[in-house]
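The block underneath contains the structure these notes are about, expressed in structure tokens.
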Amino acid sequence: MTADHDHSHDHDHEGQDAPSATALRVKALESLLVEKGLVDPAALDAIIDTYEHRIGPRNGARVVARAWIDPAYKARLMTDATAAIAELGYSGSQGEHMVAVENTPDTHNVVVCTLCSCYPWPVLGLPPTWYKSNAYRSRVVIDPRGVLQELGLTVDQNVAVQVWDSTAEIRYLVLPERPAGTEGMEEDALAALVTRDAMIGVAKVASPAASASR
């Protein structure tokens, strides 16, 4: 089947590639502090890694796990994701207008921001570098299956691929399919299986057996 794309934009951002004035000031300040020995570059990297891979995505993983085990919560998430996510204590800047899209056996969803890098920080932390790259932003709406395959995910031809384009007004969270072999698992154990990439839609959640073998 052909991919269905929904990538209209109404961004408030100007410039697609040039760093913002704020980003340039932050980088200059960081360089100065490192040069004077006031900040350890390794410590900065560790902080960034924590927010990119641990704190942020763990929030989203809890949302996904709750939706998997609680049908009423899932219904609220699909109806008003912003409110449902806030129920678990996750809200704030970059997460004011959330929409959840569900992966099913017939449809696979993937998220992009074609004009900049709009991203749901409260539930996914910092955006990964590849999410902000020109290659991903420009190609995934044109050839989503090809890009997904390059990222390690092959989507069957009989499964429709839906591309969702985040904007300054709306950010998306993919609700991945619950993997087989998770029946009876507790919420915390389920959340531990959920990855950031699965909530962007460039990966699937692996079964417990597959996760344990890695």
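The values are calculated or read from the model by the stated rules, or taken from the named source; none is laboratory data. Just so we're clear, the structure is a prediction, and the values are computed from it rather than from any experiment. Here the Cβ positions follow ideal geometry from the backbone for every residue, glycine too, while neighbour counts run over all protein chains shown. Side chains included, ligands, DNA and RNA excluded: accessible areas come from the protein's heavy atoms. Shrake-Rupley method; radii C 1.70, N 1.55, O 1.52, S 1.80 Å.
Taking the range 84-186 as the region of interest, the helices (runs of 4 or more DSSP H) fully inside it that hold 2 or more residues being within 14 Å of the chain's Cα centre (by Cα) and modelled with pLDDT under 95 are 121-124, 129-132.
Given the options T154, T107, T129, T79, name the one that is assigned by TED's automatic domain parsing to the domain that holds V194 and surrounded by 14 or more Cβ atoms within 10 Å (Cβ to Cβ).
Details: T154 fails: surrounded by 14 or more Cβ atoms within 10 Å (Cβ to Cβ); T129 fails: surrounded by 14 or more Cβ atoms within 10 Å (Cβ to Cβ); T79 fails: surrounded by 14 or more Cβ atoms within 10 Å (Cβ to Cβ).
Unique residue meeting the criteria: T107.
Any chance the range 63-72 includes a residue that's in a helix (DSSP H, G or I) and aromatic (F, W, Y)? Within the range 63-72 (the criterion being in a helix (DSSP H, G or I) and aromatic (F, W, Y)), the answer is yes, since at least one residue qualifies.
Could you tell me whether the range 35-56 includes any residue that is within 30 Å of R145 (Cβ to Cβ), open to solvent by 80 Å² or more (accessible area, probe 1.4 Å), modelled with pLDDT under 90 and not in a helix (DSSP H, G or I)? Break it down into steps so the answer makes sense when it comes.
Restricting attention to the range 35-56, the residues satisfying the condition of being within 30 Å of R145 (Cβ to Cβ) are 52-53, 56.
Those still in the list that are open to solvent by 80 Å² or more (accessible area, probe 1.4 Å) too: 53.
Next, from what is left, pick out any that are modelled with pLDDT under 90: 53.
In the following step, the residues that additionally are not in a helix (DSSP H, G or I) were identified as none.
No, that holds for no residue.
Any residue in the range 113-128 that is within 16 Å of P57 (Cα to Cα) sitting within a Cβ distance under 6 Å of a residue that is of a type in the set (D, E, K, R) and part of a loop (DSSP other than H, G, I, E, B)? List the pairs, counting only those 6 or more apart or interchain. Pairs that qualify, where the first residue is within 16 Å of P57 (Cα to Cα) and the partner is of a type in the set (D, E, K, R) and part of a loop (DSSP other than H, G, I, E, B): there are none. The set of residues from the range 138-147 being surrounded by 20 or more Cβ atoms within 10 Å (Cβ to Cβ) and either touching a Phe, Trp or Tyr at 6+ places or on another chain (Cβ under 9 Å) or touching a residue at least 40 places away in the same chain (Cβ under 8 Å) (or both) comprises P144, V147. Every residue in the range 195-214 that is out of contact with any Phe, Trp or Tyr (no Cβ under 9 Å at 6 or more places or on another chain), open to solvent by less than 50 Å² (accessible area, probe 1.4 Å) and part of a loop (DSSP other than H, G, I, E, B), please. If the condition is that a residue be out of contact with any Phe, Trp or Tyr (no Cβ under 9 Å at 6 or more places or on another chain), open to solvent by less than 50 Å² (accessible area, probe 1.4 Å) and part of a loop (DSSP other than H, G, I, E, B), then A203, V205, A206, S207 are the ones that fit. Looking across the range 149-191, the residues that are touching a residue at least 40 places away in the same chain (Cβ under 8 Å) and in contact with a Lys or Arg (Cβ under 9 Å, 6 or more places away or on another chain) come down to L153, V155, Q157, V161, L175, P176, E177, E187, D188, L190, A191.
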